[in-house]
Amino acid sequence: TNYDYFEINPSVGYDFGWASFTVGFNVSPDYFGKSGVAFYLYGQASVPIPIKALKDFSPTLNLSIGQQWIDKNAAFGTPDYLTWSVGLSVNIKGFDVSISYVDTDLGKNGCFGGSDLCGAAALFTVSRSF
């Protein structure tokens, strides 16, 4: 197997104030596991949710959708697939806290020989930039 590969990840985004949007794509000429050329096209939106009673605690709704195409699906272990996520994030005293639901359209039968790796998941993260 060939675990090392590189990707080019151009994207463009714009913040309209009431929401911000990003579109982009990733391309790798020799993707993970010698699976050939791979493309991932995606879109993201972040929408602040104003809550007057919580001035210092304004959550943001985050949405994303993407499509992965892989040249040699058998080498990679899955067919081409769609991804999506929906989540909420908030900044609390300098810490970014988020919870998200993420999923694909693969289901158990389309994922790496029937594994549960491609199923839905809830992600909880806490991060801080320095």
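The values are calculated or read from the model by the stated rules, or taken from the named source; none is laboratory data. All figures in this text were calculated on a predicted structure; none of them were measured in a lab. We place every Cβ from the backbone using ideal geometry, glycine too, and count neighbours over all the protein chains shown. Surface accessibility is based on the protein's heavy atoms, side chains included, excluding ligands, DNA and RNA. Shrake-Rupley method; radii C 1.70, N 1.55, O 1.52, S 1.80 Å.
Before we move on, is PHE16 at pLDDT 95 or above and loosely packed, with under 13 Cβ neighbours inside 10 Å? Against the criterion (at pLDDT 95 or above and loosely packed, with under 13 Cβ neighbours inside 10 Å), PHE16 qualifies. Which of (1) modelled with pLDDT under 95; (2) open to solvent by less than 70 Å² (accessible area, probe 1.4 Å) is the odd one out, the single condition THR1 does not satisfy? Condition (2) is where THR1 drops out.
Select from the stretch 52-72 the residues that are open to solvent by less than 50 Å² (accessible area, probe 1.4 Å) and under 29 Å from PRO29 (Cβ atoms) and list them in ascending order. Across the stretch 52-72, the qualifying residues are SER64, GLY66, GLN67, GLN68, ILE70. Residues in the stretch 4-13 that are open to solvent by 80 Å² or more (accessible area, probe 1.4 Å) and not acidic (Asp, Glu): TYR5, PHE6, ILE8, ASN9, VAL12. Only residues that are buried (at least 17 other Cβ atoms within 10 Å of the Cβ) and out of contact with any Leu (no Cβ under 7 Å at 6 or more places or on another chain): list them for the stretch 91-109, please. Scanning the stretch 91-109 gives a single hit, LEU106. Examine the stretch 32-51 for a residue that is without any contact (Cβ under 8 Å) to a residue 12 or more places away in the chain, under 16 Å from VAL90 (Cβ atoms), surrounded by fewer than 16 Cβ atoms within 10 Å (Cβ to Cβ) and of a type in the set (A, V, I, L, M), and state whether such a residue exists. Taking every residue of the stretch 32-51 in turn, at least one turns out to be without any contact (Cβ under 8 Å) to a residue 12 or more places away in the chain, under 16 Å from VAL90 (Cβ atoms), surrounded by fewer than 16 Cβ atoms within 10 Å (Cβ to Cβ) and of a type in the set (A, V, I, L, M).
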